[in-house]
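These notes are about the structure you will find just below.
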Amino acid sequence: MESFGFCFLMLTIAILASPALSDLVLSKVDRRIYLTSHIVRISSTMKVENAGSEKESKVLLAFPEQQAKNMAYLIATPHEGKGKGKNPVVVLPVEAANPKDMPAALTFYSVSLPKGLAEGDSFTFDVLAVFTHALRPIPEQITQADIQLVLYQDSAHYLSPYAVKVQSLSVKLPDSRIESYTKLENTKIHGSEIKYGPYENIPSFSYSPIAVHFESNLPFAVAHELVREIEISHWGNVQVTEHYKLIHGGAQSKGEFSRLDFQARPNVRGASAFRYLVANLPPRAHSVYYRDEIGNISTSHLRGDSKKTELLIEPRYPMFGGWRTAFTIGYGLPLLDFLFESDGKRFLNITFSSPMVELVIDALIVKVVLPEGSTDISVAAPFPVEQWQEAKISHLDIDGRPVVVLKKTNVVPEHNQFFQVYYHFSQLSMLREPLMLISGFFFFFVACIVYMHADISISKSSASYLAKQQWEEVQAVIQQVQNIISRCLTTHDNLEASLRDLSRTGNIQACKAARKAADGLLKELSKELKPLLTFLQSSPSAAQVLPKVEELVAKERELQEKVMVKHSTVVDGYEKKLGARDIENRVALQQQKLTALRQEVDDLLEFIDEI
């Protein structure tokens, strides 16, 4: 507060030393400062008179340097007066000015009047100035349970390079809870409104500092950056996607946060936080979504009527001072509502800024994505913006879609005005993507037909093809040999099973019958095996595996002979009525050889199978 008083003292000394600029006089000034949100709006109604002999066509507006830095929007319009019908708003030209012999602590703007003022003429007009970051939280840090107090500083006298005959000021607050305010002569307070004046015969550059310290728990929603992408499709849709990086710009939160306390008493344990934001979308918005990096956020509500579509969104957590969040909202709009034609060119007519209510945007980037093939692009905006062009590659694009990029800093809801993007687009260009799709599918099906009917196999007369075919025949024959050997081994197992049955039942005839059946089956298998061996012996491709196959066949025949010898020995022992132990002793050596031979046969089968 001491530094604030010192700065105002220096400012007062500087401006009181400055002379009046002309013979213009402000006969009446009525100022209204609206502090009902974190965006400060100052509306002034001024009646200017020409007290000199020279004709005057411009009126200067003066602002302290610090206030001018926070100014986001300035507009001047003729004063209509009460009770008059609403006519189309006529905006008076306003531009920065740099008059001579003026203090550097002031910033000037000039308002061009509709016609020059002759001696004794007067003109009444309104000025609306919008400021951001003009409310200072005092204290700067609060806990979850504290209320938010903010400080606003200004002048009770209207700062002007002209003398003021009569002036008054009213300061409108969110509610009547006022911590403190500057008390001057003719100061009155009525509920949530503080009135200063009227004051008469105020000299030029008069400055009377005031400060108001009051409670304000309204959402201090500030978007550090907003990237707004508007994509035009001539197939009937305008897609709008908005990426927000949001922060609560009020008093910084300190200490711990208790969600339990917040949910139990949100108006007490979270009065300074905001839980939701409201976006006023165009009336026929559709396909609305709200999500962040995690995914879709379900805490949103959408309702609409013929005039607007209202989207109420809640962040994943309540926003306290200094807390940040990032999210994206998107929606589609009917093309016919926003795209028009004029003088052979198409133009998009859509609002510039965010649809969020009472949102301050530090940096706004608007990207208008035009259809591929758009040329002769131009932009008409109601206020100065930075602009450039870039390209965006999307599906079915060849050269990319032209993108008009507009950038503006310090944006407020008053900037949410319509702007236009003009471009030329040939009707034939609309057929580009359908023709690309049709051509793509056509060539794809042609390729499939050619592939299905073309013989792309290796030539049947080539050596590699013949070698491959011969090897496949050798593999098939070897497989048959393996099957026959496996059937032989199964027959051997059946003979062994008949011997076990003989030892259990003593039925010699059944055992001989099994032997007879096995002999017949083995002879048939032997006949089947001979032509297969002959083929392998005559095939050059079987040279590598033939020795192992012959060894396998030889081992199986040897195994077959020993199985038959064992079978005859056991049957003969039972016919001679020898004891079981004597029979086992007679075939013990044979059994050892049989086991070894069977293992060798199994190993050879496995080896050939791997080949």
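Listed values, structure above:
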read-out: Subset of region 88-128 [over 43 Å from the mean Cα position of the chain (by Cα) and either without any contact (Cβ under 8 Å) to a residue 24 or more places away in the chain or not in a strand (DSSP E or B) (or both)]; value: ASN98, PRO99, LYS100, ASP101, MET102, PRO103, ALA104, ALA105, ALA118, GLU119, GLY120, ASP121
read-out: Matching residues, region 311-347, being under 25 Å from SER216 (Cα atoms), more than 16 Å from the chain's Cα centre (by Cα) and in a strand (DSSP E or B); value: LEU311, LEU312, ILE313, MET319, ARG324
read-out: Selection from region 277-287 of residues that are more than 25 Å from GLN148 (Cβ to Cβ), open to solvent by less than 60 Å² (accessible area, probe 1.4 Å) and assigned to a strand (DSSP E or B); value: LEU281
read-out: Residue ID - farthest from GLY304 (Cα to Cα), chosen from residues in region 261-271 that are without any contact (Cβ under 8 Å) to a residue 60 or more places away in the chain and in a loop (DSSP other than H, G, I, E, B); value: ARG265
read-out: Some residue of region 381-388 being free of Cβ contacts under 8 Å to residues at least 60 places away in the same chain, within 26 Å of the chain's Cα centre (by Cα) and more than 30 Å from ARG41 (Cα to Cα); value: yes
read-out: Region 363-379, residues that are open to solvent by less than 40 Å² (accessible area, probe 1.4 Å), of a type in the set (D, E, K, R) and under 17 Å from ASN349 (Cα atoms); value: none
read-out: In region 584-593, the residues that are within 15 Å of GLN560 (Cβ to Cβ) and either at pLDDT 85 or above or basic (Lys, Arg) (or both); value: LYS593
read-out: Residue count, region 566-588 (criterion: on the phi < 0 side of the Ramachandran plot and either outside any helix (DSSP H, G or I) or touching a Ser or Thr at 6+ places or on another chain (Cβ under 6 Å) (or both)); value: 5
read-out: Count - residues of region 288-310 that are part of a loop (DSSP other than H, G, I, E, B) and surrounded by 17 or more Cβ atoms within 10 Å (Cβ to Cβ); value: 1
read-out: Hits in region 596-611 (condition: open to solvent by less than 80 Å² (accessible area, probe 1.4 Å) and of a type outside the set (A, V, I, L, M, F, W, C)); value: ARG598, GLU600, ASP602, ASP603
read-out: Residues of region 403-416 satisfying the condition of being open to solvent by 20 Å² or more (accessible area, probe 1.4 Å) and either more than 18 Å from LEU364 (Cβ to Cβ) or in contact (Cβ under 8 Å) with a residue 60 or more places away in the chain (or both); value: ASN410, PRO413, GLU414, ASN416
read-out: Any hit, region 357-375, residues being farther than 28 Å from TYR290 by Cα and assigned to a strand (DSSP E or B); value: yes
read-out: Tally, over region 456-501, of residues that are touching a helix residue (DSSP H, G or I) at 6+ places or on another chain (Cβ under 8 Å), at pLDDT below 80 and assigned to a helix (DSSP H, G or I); value: 1
read-out: Filter pass, LYS345 being open to solvent by 40 Å² or more (accessible area, probe 1.4 Å) and in contact with a Pro (Cβ under 7 Å, 6 or more places away or on another chain); value: no
read-out: Residue in region 531-545 that is without any contact (Cβ under 8 Å) to a residue 12 or more places away in the chain, in a helix (DSSP H, G or I) and within 19 Å of ASP603 (Cα to Cα) present; value: no
read-out: Region 316-354: number of residues that are touching a strand residue (DSSP E or B) at 6+ places or on another chain (Cβ under 6 Å) and either over 25 Å from PRO402 (Cβ atoms) or of a type in the set (A, V, I, L, M) (or both); value: 14
read-out: Members of region 386-403 that are under 30 Å from ALA68 (Cβ atoms) and of a type outside the set (Phe, Trp, Tyr); value: GLU386, GLN387
read-out: Residue that is over 21 Å from ALA497 (Cα atoms), modelled with pLDDT of 85 or more and open to solvent by 50 Å² or more (accessible area, probe 1.4 Å), where the choices are LYS530, LYS516, LYS523; value: LYS530
read-out: From PHE205, PHE274, PHE214, residue being within 25 Å of ARG291 (Cβ to Cβ), in contact (Cβ under 8 Å) with a residue 24 or more places away in the chain and surrounded by 16 or more Cβ atoms within 10 Å (Cβ to Cβ); value: PHE274
read-out: Test set (1) open to solvent by 80 Å² or more (accessible area, probe 1.4 Å); (2) farther than 30 Å from THR534 by Cα; (3) touching a residue at least 24 places away in the same chain (Cβ under 8 Å) - GLU473 fails condition number; value: (2)
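The values are calculated or read from the model by the stated rules, or taken from the named source; none is laboratory data. Bear in mind the structure is a predicted one, so any value in this text is a computation, not a measurement. Virtual Cβ from ideal backbone geometry, glycine too; neighbours counted across all protein chains shown. Side chains included, ligands, DNA and RNA excluded: accessible areas come from the protein's heavy atoms. Shrake-Rupley method; radii C 1.70, N 1.55, O 1.52, S 1.80 Å.
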